[in-house]
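J.: Just passing along the structure, written as structure tokens.
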Amino acid sequence: MEPQPTVLIVDDEPIIRLTLESLLASIDVRLIFAEDGEKGLELAEANRPDLVLLDLMMPGMDGYEVCRRIRENPGLTEIPVIMITALDDRDSCLKGLLEGADDFLTKSFDGLALIARVQTIIRLNRYRHLVEQRKTLERLHKELLISYHDTLEGWADALDLRDKETEGHMRRVMEKSIAFAKAAGVTGEKELEDLRMGALLYDVGKLGVPDAILLKPGKLTDEEWVIMRRHPEYAYKWLSHIAFLNEALKVPYCHHEKWDGTGYPRGLKGLEIPLYARLFIIVDVWNALRSDRPYRKALPEEDGLAYIQGESGRYFDPELVQVFLEMYKGA
């Protein structure tokens, strides 16, 4: 429920204050009153009203000065001001506009006109606040996304530093995964962003694997493989409670599943494997085949493509294999 709008009435004449109070009694506004300019500024600062009805001719500080000081105050400058005057001449109105007034009313009040103007200005001011709040929320959302992305980039860098054998692998695979996804018909900005984040985090679970196993130069024992194969589950455990990463998580959790159901950690089969993971698996294996390792040299492109094709329907989604092969043939 929206808070009740507040209208500040600044007028040195009690009869005018009472008249305005009576006329505005029919609409849902909270009225506060000041009998001079100094008190008006004090109440404006304390209450931040939605509208100020300001008498022009007052002893001491007149309406022009009050309006000018409202506009000079960063906390009050956007508050609408309607000047109320017994003067009905263009020069007075022009001077008031130059000092920042939004509208004028003469003291021969037309009740309906007064109510219409007050309601219209309050409504417009509320709309402006909503627009500003939305812009602020959008800006904060963008800043939050940037913060999330910076954090993910930091995790990716940490993994690269830990595993020199595959240094830069994550970023290469991420870039190729995005290109492959577009070739496969994934065009939504949100979908591509989810894939990008998932690709950056695909091996984050390896942070839970001991260095003695992760960096072992020789073959792993059966017991060590059991530990190594837990890294997708570690990723799920760490990231599943982060709603922002719900879709992206499908890559680190499922990138070792196989089309025929012989993969891990859950033995998913065929279309049970999320699309992001099915796309990523092909690119990940391709990049591994085409990279030098201590135990072998990178495969030539022709041999790598032959391996991808040979594993179609067993390791990889056959439809995506065709897209991948066509993408490379057309390159």
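J.: How large is the helix-only mean residue ellipticity at 222 nm for the chain, computed as the sum of -39500 (n - 2.57) over DSSP H runs with n ≥ 4, divided by its residue count, in deg cm²/dmol to the nearest 500?
T.: -17500 deg cm²/dmol
J.: Moving on. Kindly count the pairs of lysines across region 213-323 whose alpha carbons are less than 21 Å apart, treating pairs on different chains or eight or more residues apart as eligible.
T.: 6
J.: If you put +1 on each Lys and Arg Cβ and -1 on each Asp and Glu Cβ, how big is the dipole of the chain around its Cα centre, in Debye rounded to 20?
T.: Magnitude of the dipole: close to 1680 debye.
J.: Work out, step by step, the length gained on full extension between A183 and E138: first 0.36 nm times the residue separation, then minus their alpha carbon distance; give nm to one decimal.
T.: 13.1 nm
J.: Same structure again: Please give the FRET efficiency for L130 paired with R266, using the beta carbon to beta carbon distance and R0 = 35 Å, rounded to the nearest 0.05.
T.: Calculated transfer efficiency: 0.15.
J.: Taking the convex hull of the Cα atoms, report for the chain its projected area averaged over all directions, in nm².
T.: Average projection, Cα convex hull of the chain: 25.7 nm².
J.: I've got another one for you. For the charge dipole of the chain, defined by +1 on Lys and Arg C-beta atoms and -1 on Asp and Glu C-beta atoms about the Cα centroid, which residue among A235, L76, Q309 has the Cα displaced farthest towards the positive pole?
T.: Q309
J.: Restricting to Cα atoms and excluding each atom paired with itself, what does the Kirkwood estimate give for region 163-329 in Å?
T.: Result for region 163-329, one decimal place: 16.3 Å.
J.: Using DSSP loop states and a limit of at most 14 other Cβ atoms within 10 Å to flag trypsin sites (Lys or Arg not before Pro), what is the longest stretch of the chain containing no flagged site?
T.: Longest run free of exposed loop sites: 1-218.
J.: Roughly speaking, what is the stretch gain from E21 to A86, that is 0.36 nm per residue apart minus the C-alpha to C-alpha distance, in nm to one decimal?
T.: 21.6 nm
Where a number appears in this text, it was derived from the coordinates with a stated rule and is not lab data. None of the values given here were measured: they were computed from a predicted structure. Backbone-built Cβ (ideal geometry, glycine too); neighbour counts: all protein chains shown.
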